[in-house]
Amino acid sequence: MANGNGGTPLIRVRDLRKDYVDGDLETPVLKGVSFGIEKGEFIAIMGPSGSGKSTLMHILGFLDHATEGMYEFDGKDVSRQSDDDLALMRRDRVGFVFQAFFLLPELSALDNVKLALAYHDISDRERDARAVEAIEAVGLGHRKDYSVTRISGGEKQRVAIARALVSKPAVIFADEPTGNLDSKSGGVVMEILEDLNEKGNTIILVTHEKETAEHANRIISMRDGVIEGDVTVQARKSAKGGMLNK
Amino acid sequence: MRHLETVRTSIKGLMAQKLRTLLTMLGIIIGIASVILMTSLGKGVEGLILDQLESFGPDAVFIEPGGGNQEGGPPNFSQLTALKYEDYQAIAKLPNVTAAAPIKYVDATVSRAGVNATPQIVATTVEYAELNTIAVTRGRWFDASDVEGALRSIVLGSSLAEDLFGDGDPIGQSVTVKRKTFNVIGVLPKRGVQFFQDLDKAAYIPISTARRELQGEDHLTFVMVRVEGDPDYAAEDIRLLLRDRHDIDNPEGDTKKDDFRLVTQEQAAATFGQVSSALTIFLTAIASISLFVGGIGIMNIMLVSVTERTREIGLRKALGARRRDIMAQFLIEAMLLTMFGGLIGALLGASLSWLGSLVIANVIDGWNFIVPLDAVALAFGVATAVGLVFGLYPAQKAAKLDPIEALRYE
């Protein structure tokens, strides 16, 4: 269960279902998923490929619609939103970190971060200031004018985290953020995510690796479209403190 | 503003692939450049011809043989001999005609000491010089005795005189026309090109001489007159006179039944205006085909661009771009391509027109370099519209992409 503190949960889903239709073939990917997430949690959604974890993240992250079921975000029912409304939710309420970084190679690190503010009606000055703040928050202030083709993989993912952070979202989704990184760079990325969580950011991590999932303080395990386990970890494995608990 | 950021991003993207951007714009550049070039040359020709028409004065009337549909149809070929010397004589006696000159073109070789030339030989009268405001500076123009006596006197155009006599003085020398010896009495100053005829290559002889010595037939190529009072009114007098002389029963005044046509200077200008605007429309239509082809080029490259940037589109959607934001991005990019192409095309077209006018001005006096600003504005507008129209489909395709599919695209 959610380690609630009595208030309204940030995210609440009940009996969420998703079917993929391909011609006559209807494949259920989510077969009724229910849970809640509080503000400030660091959650790992774990499971093998095909378990439905990515689909769940897409729905929670407003990239996709559920076929059936209820989704409440910040007390508001968002199950039946229009595409434009979903786009606004993505813009204002969530940030994404992807396995493959998805940085635009022709832009500098800072401009990649600014891209997340491209669809906000704010001044250039504010856009600049917030992007600089975000890139400094991931410790890459000294790399901000570098082309992203000239920085390391770990640095690329940190730029991507800054990009997810810059719009001050309610939730940051990280989809296999260490999947393309060596263990050292992956460790740094996880450390940054933990750090952000400690500063109050809600983080939802999607991974198939148990090692990575253990950085979270709650692990939702999925298999074949249903939740198999939902465990709150009291003393999580910290990247900073080494192996505190196993 | 958000779209300003989009414009900036698009420019960066286009600048990153300069060669491809240039090649993409090439169709538009060529299309716009040819529109500008065509309209500029068209306006140049129009200005030149209207100037020439005006030089005859508003009181000039031309009488040509051949009836037919006079609202723009060709003259009747069987009637091309309808205008006779006697018609000219009768026209000249009309009260509102102050001066009249018959003009007959004769084809013959003019030679002198083994040098041959085939100029346009204009057989006419004393009045021709007055009607065309020709002032002879070397020698003299015909006088009454040349015409009345049908003397073998000839006046040469300036470059014809050069061809035949080189640097020598032709006055008082003789030339041979159809084995008959003519006496050169004058050389005209440079007159330039009129209605695409090089007047300096022409030779002039009295029409009486032509009738007696060169060609028996007495029909005329045209008659040029200067009238008093309202030119339309005077033209009507000439029309009635000729109908009477040619036994044309035409009480209803249907000009299609006539075997001649009358053109006042004003009508000529109006007719020419119609011809030149028809020509401009025709040339512009051809140029629009190249704009259309250019537009297809833009669409093609935009479709390639949408495919190449599928992941970028997915990312932008994940960052909160709505369909219309993606749509705007690709439309702005297509329009930037065509607008910039239009700008380069307009500059190129204007430069080519300018270069062309330098060359033409060497050959034709009175040629003016004109780049019609309305054509530039129109071309620019059309270029932008091409971007909008041909960018629409790729932009829609981009906007419709599903963000998850787009992010998965390899």
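Here are some notes:
- 14 Å beta-carbon shell around residue A:27, net charge (K/R +1, D/E -1): -2
- Surrounding net charge for residue A:169, when Lys and Arg each add one and Asp and Glu each subtract one, Cβ distance under 10 Å: +3
- Each DSSP beta bridge with both residues in the range B:83-245 is either parallel or antiparallel, and the antiparallel ones are about 75%.
- DSSP H segments from chain B that extend 20 Å or more along their own axis, Cα-based, with Kyte-Doolittle mean of -0.5 or above: B:2-16, B:18-55, B:265-308, B:323-363, B:373-400
- Cα gyration tensor shape of chain B, rounded if a/c is under 1.5, else prolate or oblate by comparing a/b with b/c: prolate
- HN-Hα J in Hz across the range B:127-144 - Karplus 6.51, -1.76, 1.60, θ = phi - 60°, x for Gly and Pro: 5, 3, 5, 5, 5, 9, 6, 9, 10, 7, 9, 10, x, 8, 7, 4, 10, 4
- With respect to chain A, whose longest principal axis is taken over its alpha-carbon atoms, helix A:124-137 is tilted by about 80°.
- Listed by chain and number, the aspartates and glutamates placed with their C-alpha closer than 16 angstrom to that of residue A:76 are A:38, A:85, A:92; residues fewer than eight positions away on the same chain are left out.
- Shape analysis of the range B:247-346 yields a ratio of the Cα radius of gyration to the Kirkwood radius, Rg/Rh, of 1.44.
- Coordinate range along principal axes, alpha carbons of the protein assembly as shown, Å, largest first: 132, 58, 41
- When you restrict to C-alpha pairs under 8 Å that are six or more residues apart and normalise by the size of chain A, the relative contact order lands at 27 percent.
- When only Cα pairs below 8 angstrom with a gap of at least 6 residues are kept, the range B:83-245 shows a relative contact order of 33 percent.
- Look at the Cα gyration tensor of the range B:197-284: its axes a ≥ b ≥ c give a/c of at least 1.5 with a/b at or below b/c, and that counts as oblate.
- For residue A:97, the residues 5 or more places off, or on other chains, whose built amide H falls under 5 Å of its own are A:173, A:174, A:175.
- Shown for A:110, A:30: other C-beta atoms within 10 Å of each C-beta, ranked fewest to most, produce the order A:110, A:30.
- Reference-scaled alpha-carbon Rg (2.2 N^0.38 Å with N residues) for the range B:83-245: 1.07
- Estimated translational D of chain A in µm²/s (Stokes, Kirkwood radius over Cα pairs; 10 °C; 1.306 mPa s): 86 µm²/s
- 0 to 90° range, to nearest 10: angle between helix A:153-165 axis and chain A longest Cα axis: 70 degrees
- Gyration tensor (alpha-carbon) shape descriptor, the range A:36-142, a/c threshold 1.5: prolate
- Across chain B, C-alpha contacts under 8 Å between residues 6 or more apart give a mean separation that, scaled by the residue count, equals a relative contact order of 29 percent.
- DSSP assigns beta bridges within the protein assembly as shown; of those with both partners inside it, close to 70 percent run antiparallel.
- Close Lys-Lys pairs in the range B:83-245, where close means Cα under 19 Å and separation is 8 or more or interchain: 7
- Dimensions in Å of the range B:16-153 - Rg and Dmax from alpha carbons: 24.1, 83
Taken together, the values in this text are just the output of simple stated rules run on the coordinates, not laboratory data. Worth saying up front: this structure is predicted, and the values here are computed from it rather than measured. Cβ atoms come from the backbone with ideal geometry, glycine included; neighbour counts cover every protein chain shown.
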